[in-house]
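Contents: one structure, followed by commentary.
The values are calculated or read from the model by the stated rules, or taken from the named source; none is laboratory data. As the structure is a computational prediction, the values presented were derived from the model and not from experiment. Backbone-built Cβ (ideal geometry, glycine too); neighbour counts: all protein chains shown. The area values use the complete protein model at the heavy-atom level, side chains included, leaving out ligands, DNA and RNA. Shrake-Rupley method; radii C 1.70, N 1.55, O 1.52, S 1.80 Å.
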Amino acid sequence: RFLFACKYSYICTQKGNVIQGGMVPKEYTINVRGRLMSLEKPVVMGILNATPDSFFAGSRVQTEREIACRADQIVEEGGLIIDVGAFSTRPGAREVTEDEEAGRLRQALSVVRREHPDVAVSVDTFRPRVARRCIEEWGADIINDVSEGGQTGIVNTPVHEDERMFDVAAALHVPYILMSVQSSMEQMLLSFSRELQELQLAGVSDVIIDPGFGFGKTLDENYRVMAALGELQALRQPLLVGVSRKSMVYRLLDSSPQEALAGTTALHVMALQAGAKLLRVHDVRQAVDTVAVFGKVNASRSFVNQ
């Protein structure tokens with residue numbers, strides 16, 4: 001079926017091979033400080049929260065020892081990227097000043113880099129100045145921006161800074177994760193197509209798109225986006241999915257983040273079927289196992305169809 005008409009070249013308006021409404025994904029690589037990371041096999045990104053108020057207690061670390069142990073766990077369980085954040089984005093979280101966020105990230109990134117100098121590290125922040133310091137001074141490799149390029153901050157207000165996040169990513173030549181705060185697939189495709197054009201013109205080479213589950217969406221809207229997730233393949237960019245233990249799982253099941261692993265795994269399978277190339281997770285080993293089983297089924301399907 002047709003996705004919908006759009007003046008931007010990123011949107012495909014043709015019928016053809018689809019995965020749940022989207023185009024068959026191509027094989028991707030991203031350049032991480034001069035080294036190519038292949039995304040042919042989906043990659044697991046482990047969450048390291050250097051904050052006392054993240055919604056899932058199991059991901060919170062604050063002391064140097066806790067940070068080192070969590071980084072070790074992510075790597076030992078098969079995570080290829082460590083995603084370090086210091087500003088809780090859960091609903092109702094306390095506002096954190098820029099200086100406080102930067103201080104937490106400086107400590108966490110220094111420990112992660114000391115313990116794992118060769119592992120790819122992303123920094124989860126919506127503040128351009130903080131992102132720049134993390135890349136230039138503290139060893140982060142990738143910017144993971146939850147504000148869709150500065151449209152919104154933690155309290156859904158515009159981020160006012162002299163330098164936009166798009167400009168930081170372009171100037172520092174780092175991969176950039178563009179997360180959507182849009183509530184529908186149609187709005188998401190339109191916004192992403194415009195933003196991808198801006199990023200390309202700014203000189204950002206590696207862009208990963210993230211539909212932003214839990215951001216600007218109701219419970220039903222989250223699931224509608226998941227059901228249409230394959231349509232994002234039309235943008236021809238690697239897709240990251242972050243649903244780990246989020247409220248879209250535990251609210252649906254009338255449970256808690258601590259009881260949301262099974263629901264998370266079910267959504268991971270659906271995301272992989274829709275072409276996701278990165279999974280951002282709390283439970284690294286379980287996600288790595290899910291990717292391995294999914295890959296084996298796909299390989300077996302190819303053999304059966306020969």
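Going by the alpha-carbon gyration tensor, a ≥ b ≥ c the square roots of its eigenvalues, is the stretch 79-144 rounded (a/c under 1.5) or, if a/c is not under 1.5, prolate (a/b greater than b/c) versus oblate? Verdict is prolate for the stretch 79-144. The largest accessible area among ARG280, ARG133, ARG224 belongs to the first residue in ARG224, ARG133, ARG280, and the rest follow in falling order (1.4 Å probe, all chains).
A convex hull fitted around the alpha carbon atoms of the stretch 220-306 yields 100 Å³ per residue.
With a 1.4 Å probe rolled over the protein heavy atoms of all chains, the accessible area of LEU109, LEU219 falls in the order LEU219, LEU109, largest first. Residues whose amide H falls under 5 Å from that of PHE213, counting only those 5 or more places apart or on a different chain, are GLY242, with hydrogens built in the peptide plane. Distance between the 7 Å Cα→Cβ label points at ASP99 and SER300: 5.8 nm. Using a 1.4 angstrom probe and counting only protein chains, how large is the accessible area of TYR28 in Å², to 10? Accessible area of TYR28: about 10 Å². As a ratio to 2.2 N^0.38 Å, the alpha-carbon radius of gyration computed for the stretch 200-242 takes the value 1.32. Residues ARG65, ARG106, ARG236, ARG127, ordered by accessible area of protein heavy atoms at a 1.4 angstrom probe radius and largest first, appear as ARG65, ARG106, ARG236, ARG127.
In the context of the full protein assembly, LYS296 retains an accessible surface of approximately 140 Å², using a probe radius of 1.4 Å and ignoring ligands and nucleic acids. In this view, the solvent-accessible surface of SER88, computed with a 1.4 Å probe and all protein chains in place, comes to about 10 Å². Computed on the stretch 122-253, the Cα convex hull volume stands at 103 Å³ per residue.
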